[in-house]
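Novice: My questions all concern the structure below.
The values are calculated or read from the model by the stated rules, or taken from the named source; none is laboratory data. A quick note: this is a predicted structure, and the numbers were derived from the prediction, not measured. Every residue, glycine as well, gets a Cβ built from its backbone with ideal geometry; the counts of neighbours run over all protein chains shown. SASA here: full protein model, heavy atoms, side chains in, ligands and nucleic acids out. Shrake-Rupley method; radii C 1.70, N 1.55, O 1.52, S 1.80 Å.
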Amino acid sequence: MESVLHLVEVVVSSPWLYVLLFAVVAADSVLPVFPGETVVITAGAYAIVQDAPSAWILLPVTILAAVAGDLTAHHLGRGAGPLARRIRRSRTGDRLFTWAENGLHTRGGAIIVTARFIPGGRTATSLTSGMIRYPRPQFLGFALLAATAWALYNIGIGMAGGYLFRDQPLLGVVIGVGLALVISTVIEKVRIARERRGRSASEASPEPELLGSR
């Protein structure tokens with residue numbers, strides 16, 4: 001355990017951490033298999049318990065990485081016909097893309113901010129925004145807002161864990177990551193429940209009568 005702790009301390013103390021963090025967070029926006037949240041939360045925790053990394057550098061790097069990843073996914077979406085068809089073959093992929101497309105048409109930029117906190121949601125929304133030719137300037141503005149909120153949220157969780165568990169920073173990281181997963185799962189469950197209620201309400205609504213019908 002001490003060797004693992006020492007290795008983590010060495011990595012997070014290195015200036016290369018910011019490069020690693022940027023790469024992982026940006027890649028996580030395109031392929032949600034990278035541990036973007038975990039890296040940010042870990043860096044946030046160690047920003048409290050030791051001199052490096054610096055929270056003042058960590059925040060802008062995380063925001064820029066998230067925006068870069070979202071923009072990459074958006075631009076990929078503009079030519080993602082075969083990719084989108086492949087993803088939508090799965091039930092989960094099709095459901096996420098349908099939700100993102102409906103949300104962008106009905107709620108616009110608000111869905112871009114919300115989706116950043118949903119597992120797989122930010123990738124589906126960014127790709128879909130490109131597929132439906134959502135205006136780039138508007139997407140960039142909402143992506144920046146979403147990235148700022150997401151960075152503050154994850155760095156804040158990490159710093160809170162580091163503050164509460166100064167003698168056991170890895171424990172703070174584990175608790176922080178677990179808390180982030182719980183919150184994102186709750187958001188996803190609420191989204192699915194609202195979506196189901198919306199479908200049930202639309203199916204239960206009677207068809208409007210045609211004018212002149214008897």
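Novice: Could you rank the peptides 40-51, 134-145, 169-180 by their average count of other C-beta atoms within 10 Å per residue, with the highest value first?
Specialist: Working: 40-51: 23.7, 134-145: 16.7, 169-180: 19.5.
Output ranking for 40-51, 134-145, 169-180: 40-51, 169-180, 134-145.
Novice: Let me check I've understood the local charge: for Phe34, count other residues with C-beta under 15 angstrom from its C-beta, Lys and Arg +1, Asp and Glu -1. What total comes out? Could you put the intermediate results ahead of the total?
Specialist: Values: positive: Arg116, Arg122; negative: Asp28, Glu37, Asp70.
Residues close to Phe34 contribute a combined charge of -1.
Novice: Separate question: Quick one: if you stick a label point 7 Å off each Cα along the C-beta vector at Val11 and Ser90, how many nm between them?
Specialist: 2.4
Novice: Just add up the charged neighbours of Tyr134: K/R +1, D/E -1, any other residue whose Cβ is under 11 Å from the Cβ of Tyr134. Let's see the in-between values first.
Specialist: Numbers: positive: Arg78, Arg133, Arg136; negative: Glu101.
For residues surrounding Tyr134, the net value is +2.
Novice: Another question, if that's okay. Compute, for Trp99, the solvent-accessible surface of its heavy atoms (probe 1.4 Å) with the complete set of protein chains present, and express it in square angstrom to the nearest 10.
Specialist: Approximately 20 Å² of Trp99 is accessible to the 1.4 Å probe.
Novice: Please work out whether segment 7-72 counts as rounded, prolate or oblate from its C-alpha gyration tensor, where a ≥ b ≥ c are the square roots of the eigenvalues and a/c under 1.5 means rounded, while otherwise a/b larger than b/c means prolate and anything else oblate?
Specialist: Numbers: a/c = 2.31, a/b = 1.77, b/c = 1.31.
Prolate, because a/c is 1.5 or more and a/b exceeds b/c.
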